[in-house]
Amino acid sequence: EAQVTQNPRYLITVTGKKLTVTCSQNMNHEYMSWYRQDPGLGLRQIYYSMNVEVTDKGDVPEGYKVSRKEKRNFPLILESPSPNQTSLYFCASSPGGRMNTEAFFGQGTRLTVV
Amino acid sequence: QQPVQSPQAVILREGEDAVINCSSSKALYSVHWYRQKHGEAPVFLMILLKGGEQKGHDKISASFNEKKQQSSLYLTASQLSYSGTYFCGTEMNSGTYKYIFGTGTRLKVLA
C-alpha cells in the first residue's frame, strides 16, 4: 500500500532533550516536506527536500534540522526542544522534485514539550 | 503572503451547496485543495495547474483564475462526509520550492 509513515504518533518530552521524528515513504517520491500545525496558524512548512541530499528551509525552520540521506526517509530532528515546539507535525511526499502534483501526508505526530 | 481563504467558516444542511475561495497577493501557478478532518492528516482533493482550468471530483469541483490570483472550490449537494477544514495550498514562486497553505475554511454539514 502506498503510504507515508511517521513515528511516533504521540510524544511527550522535556525541554532540551533531543528527539527525532521519522518519516518514510514507499512511493519513490522525490519531494518530501515537514509541516507543523497550530491552532489559528494553520499548516506551516518547516523544511523540504527536492531529492536526496537536497534540502531547504520552509517558513518556520528555526529549532529544527532535517537530513535526506535516502530517498524514502526524511527525519525531523529537534536538537533542543522547547515548549513553543509543542505542535501537530505532518510529513508529506510528492512525486517529482516539487509539490506540484498529488501530495500524500503521514498520519501526524502530536508532540508535547514540557 | 499566506493565501487568504473565505469564508473562515460555513455551516450547511445536507444537500446545500458551498463555495470556498482562496486568494493570493502573489502570482499563482498551481493550486492544491485539501480536506482535513479533526486530528487527521490533510487529504489531497485536486490540483489545478493552468489558469481558468476547472476540475471535478464527484460533486466537488474547482476553478483557477490565474489573472485574479484566486481559486474557488465548489461543493454541490453537500454530504455529511464533507465536514472538515478545507485548505488551499500553493508553491511560493520565489525561486524556491517552498510550499504554503491558505488560512483554512471550516465547513460543517448538518443532517
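Being touching a residue at least 60 places away in the same chain (Cβ under 8 Å) and under 22 Å from B:Thr76 (Cα atoms) is the filter here; which residues of region B:10-33 pass it?
Here is the first cut: in region B:10-33, the residues touching a residue at least 60 places away in the same chain (Cβ under 8 Å) are B:10-18, B:20, B:22, B:24, B:26-30.
Once the filter is applied, which keeps residues that are touching a residue at least 60 places away in the same chain (Cβ under 8 Å) and under 22 Å from B:Thr76 (Cα atoms), region B:10-33 yields B:Val10, B:Ile11, B:Leu12, B:Arg13, B:Glu14, B:Gly15, B:Glu16, B:Asp17, B:Ala18, B:Ile20, B:Cys22.
Within region A:46-59, residues that are over 23 Å from A:Thr86 (Cα atoms) sit with their Cβ atoms under 7 Å from residues that are acidic (Asp, Glu), at 6+ positions apart or across chains, in these pairs: A:Met50/A:Glu30; A:Asn51/A:Glu30; A:Val52/A:Glu70. At least 2 residues being within 14 Å of chain A (Cβ to nearest Cβ), over 11 Å from the mean Cα position of the chain (by Cα) and at pLDDT 90 or above is the threshold, and among the strands (runs of 3 or more DSSP E) wholly inside chain B those reaching it are B:99-101. Screening the candidates A:Gly40, A:Gly16 for the property of being at pLDDT 95 or above, among the small types (Gly, Ala, Ser) and surrounded by fewer than 18 Cβ atoms within 10 Å (Cβ to Cβ) yields one hit, A:Gly16.
I'd like to verify a number: residues in region A:1-42 that are outside any loop (DSSP other than H, G, I, E, B) and not aromatic (Phe, Trp, Tyr), how many?
Looking only at region A:1-42, we keep the residues that are outside any loop (DSSP other than H, G, I, E, B), and these are A:4-7, A:10-13, A:19-25, A:31-38, A:42.
Next, from what is left, pick out any that are not aromatic (Phe, Trp, Tyr): A:4-7, A:11-13, A:19-25, A:32-33, A:36-38, A:42.
Within region A:1-42, residues that are outside any loop (DSSP other than H, G, I, E, B) and not aromatic (Phe, Trp, Tyr) number 20.
Restricting attention to region B:92-111 and to residues that are over 14 Å from B:Ala27 (Cα atoms) and among the hydrophobic types (A, V, I, L, M, F, W, C), the residue that is surrounded by the most Cβ atoms within 10 Å (Cβ to Cβ) turns out to be B:Phe101. Kindly list the number of the only condition in (1) in contact with a Gly (Cβ under 8 Å, 6 or more places away or on another chain); (2) surrounded by 15 or more Cβ atoms within 10 Å (Cβ to Cβ) that fails for A:Ser80. Status for A:Ser80: all satisfied but (2).
What are the residues in region A:75-113 that are among the acidic types (Asp, Glu) and free of Cβ contacts under 8 Å to residues at least 40 places away in the same chain, if any? Talk me through it step by step, then tell me what you get.
Within region A:75-113, the subset among the acidic types (Asp, Glu) is A:79, A:102.
Scanning region A:75-113 gives a single hit, A:Glu102.
Note on region A:4-27: residues that are touching a residue at least 60 places away in the same chain (Cβ under 8 Å), more than 11 Å from every other protein chain (Cβ to nearest Cβ) and within 15 Å of A:Lys71 (Cα to Cα) total 4. Suppose the filter is modelled with pLDDT under 95 and surrounded by 15 or more Cβ atoms within 10 Å (Cβ to Cβ); does A:Ser87 pass it? Judged against the criteria, A:Ser87 is not a match.
The values are calculated or read from the model by the stated rules, or taken from the named source; none is laboratory data. As the structure is a computational prediction, the values presented were derived from the model and not from experiment. Heads up, the Cβs are rebuilt from the backbone with ideal geometry, glycines too, and the neighbour counts pull from every protein chain shown.
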